[in-house]
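Enquirer: If you scroll down you'll find the structure; I have some questions about it.
Where a number appears in this text, it was derived from the coordinates with a stated rule and is not lab data. Note that this is a predicted model, so its numbers are computed, not measured. Reconstructed Cβ throughout: ideal geometry from the backbone, glycine too, with neighbour counts over all protein chains shown.
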Amino acid sequence: MFVDSHCHLTFPELAQDLPAIRQAMAQAGVDRALCICTTLEEFAKVHALAMAHDNFWCSVGVHPDNEGVSEPGVDDLVARAALPRVVAIGETGLDYYRLEGRSLADMQWQRDRFAVHIQAARQSGKPLVIHTRSASGDTLDMLRALGQGGALPAATGVFHCFTETREVARAALDLGFFISFSGILTFKSAAELREVARFVPLDRMLIETDSPYLAPVPYRGKTNNPSYVPHVARQIAELRGLDVAQVGEATSRNFEQLFTGTCTA
Ligand SMILES: [Zn+2]
Ligand SMILES: [Zn+2]
């Protein structure tokens, strides 16, 4: 009934509790999850999860915040994306939130890394899982410049854990991307984001936990896990005058359309 489109089940906070988490998911009606990769070093573990459980899938990518890790080439990503149950490239994108004294010019390595992921997505035909923080202008510019045109299919995907404005949402939708909302939507301070969630068409939105982070109300501050994703759906249902089941169905359909519809393995 519900799908968590973005979680980090290999992170130590969750990895040790997997059997209990899977039981909680079943009880909460969360029947599927996408396990997100953040380094090449981590990929084998993430992929093993997706291979071990027929309701888990995974991505391959290197998060923009990760430094001092293997730098992926296009071929590294394309080769892993061809493995069974790998349905997305990411998470990738740009994050200028913690510059730590560096200028935007110093962050060229992040833009180079993002460009590699965009190319890999187009070559493999798999959607991108985009992380963007304090960098939406450059993120959109790069997708416009590198994500379309030429002989390869245009890049598609999702802007995950969306916290940007309605204008950024409009631009992402215009590029063919989906928008994914996390537990942040339930935070008291997120009034503006709730307006964005009213605006995004139901057939273009996903829900996620981004667990172990960002637990939704009423679990805010605790360790998050995929069984909490219905709280995000409930918030969207409330905002739009829908039944929570309708939001669950729509976002599950969207997940299939974007990620698993063509995945036969
Ligand atoms: Zn992220
Ligand atoms: Zn993430």
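Enquirer: Order by neighbour count: 8, 53, fewest other Cβ atoms within 10 Å first, most last. Intermediate values should be presented prior to the final figure.
Expert: Values: 8 23, 53 16.
Least crowded to most crowded, the residues run 53, 8.
Enquirer: Could you list 109, 57 so that the one with the fewest beta carbons within 10 Å of its beta carbon is first and the one with the most is last?
Expert: Starting with the residue having the fewest Cβ neighbours, the order is 109, 57.
Enquirer: Across segment 11-18, in residue order, what do the Karplus-derived ³J(HN,Hα) couplings come to in whole Hz, using 6.51 cos²θ - 1.76 cosθ + 1.60 with θ = phi - 60° and x for Gly and Pro?
Expert: Calculated HN-Hα couplings, in order: 5, x, 4, 10, 4, 6, 9, 3 Hz.
Enquirer: Next question, about the same structure. Amide H of residue 9 versus every other amide H placed in the peptide plane: which residues, excluding those fewer than 5 positions away on the same chain, fall under 5 Å?
Expert: The list, which skips near neighbours in sequence, is 36.
Enquirer: Could you please rank 80, 113, placing first whichever residue has the fewest other Cβ atoms within 10 Å of its Cβ?
Expert: With the fewest neighbours first, 80, 113 line up as 113, 80.
Enquirer: Which one of 248, 60, 183 has its Cα pushed farthest toward the positive end of the charge dipole of the chain, where Lys and Arg give +1 and Asp and Glu give -1 at the Cβ?
Expert: Towards the positive end, the residue furthest out is 248.
Enquirer: Based on the alpha-carbon gyration tensor of the chain and its eigenvalue square roots a ≥ b ≥ c, which shape applies: rounded if a/c is under 1.5, prolate if not and a/b is larger than b/c, or oblate?
Expert: Values: a/c = 1.40, a/b = 1.19, b/c = 1.18.
It is rounded, given that a/c, with a ≥ b ≥ c, falls under 1.5.
Enquirer: Also: Rounding to the nearest 20 debye, state how big the charge dipole of segment 174-265 is about its Cα centre with +1 on each Lys and Arg Cβ and -1 on each Asp and Glu Cβ.
Expert: Values: 9 positive and 10 negative charges, 64 e Å.
Roughly 300 debye for segment 174-265.
Enquirer: Follow-up. If you take every residue apart from residue 6 with its C-beta less than 11 Å away from the C-beta of residue 6, what net charge results, scoring Lys and Arg +1 and Asp and Glu -1?
Expert: Taking every Cβ under 11 Å from that of residue 6, the sum is -4.
Enquirer: Suppose every K and R has +1 on its Cβ and every D and E has -1 on its Cβ; what is the size of the dipole of the chain about the Cα centre, in Debye to the nearest 20?
Expert: Charge dipole, the chain, about its Cα centre: 460 debye, nearest 20.
Enquirer: Just flag the GluC sites (Glu not before Pro) in segment 161-265 sitting in loop per DSSP whose Cβ has no more than 15 other Cβ atoms within 10 Å. Show your work: numbers first, answer last.
Expert: On the way: sites: 164, 167, 192, 195, 208, 238, 249, 256; in loops: 164, 208.
Filter output for segment 161-265: empty list.
Enquirer: So, one more: Label 7 Å along Cα→Cβ of residue 213; segment 104-120 residues with amide nitrogen under 18 Å?
Expert: It comes to 110-111, 114, nothing else.
Enquirer: Less than 19 Å apart at the alpha-carbon level, and either on another chain or at least 8 residues along: which lysines does that give for residue 188?
Expert: In chain and number order, the partners are 222.
Enquirer: Compute the Cα gyration tensor for segment 39-170, then decide on rounded, prolate or oblate, letting a ≥ b ≥ c be the square roots of its eigenvalues: rounded whenever a/c is under 1.5, prolate when a/b is larger than b/c in the other cases, and oblate in all that remain.
Expert: On the way: a/c = 1.59, a/b = 1.36, b/c = 1.17.
Cα axes put segment 39-170 in the prolate bin.
Enquirer: Tell me, in nm to one decimal, what length is gained between residue 104 and residue 199 on full extension, where the rule is 0.36 nm per residue of separation less the Cα-Cα distance?
Expert: 31.1 nm
Enquirer: Given N residues in segment 91-225, what is Rg(Cα) / (2.2 N^0.38 Å)?
Expert: For segment 91-225, the normalised Cα radius of gyration comes out at 1.08.
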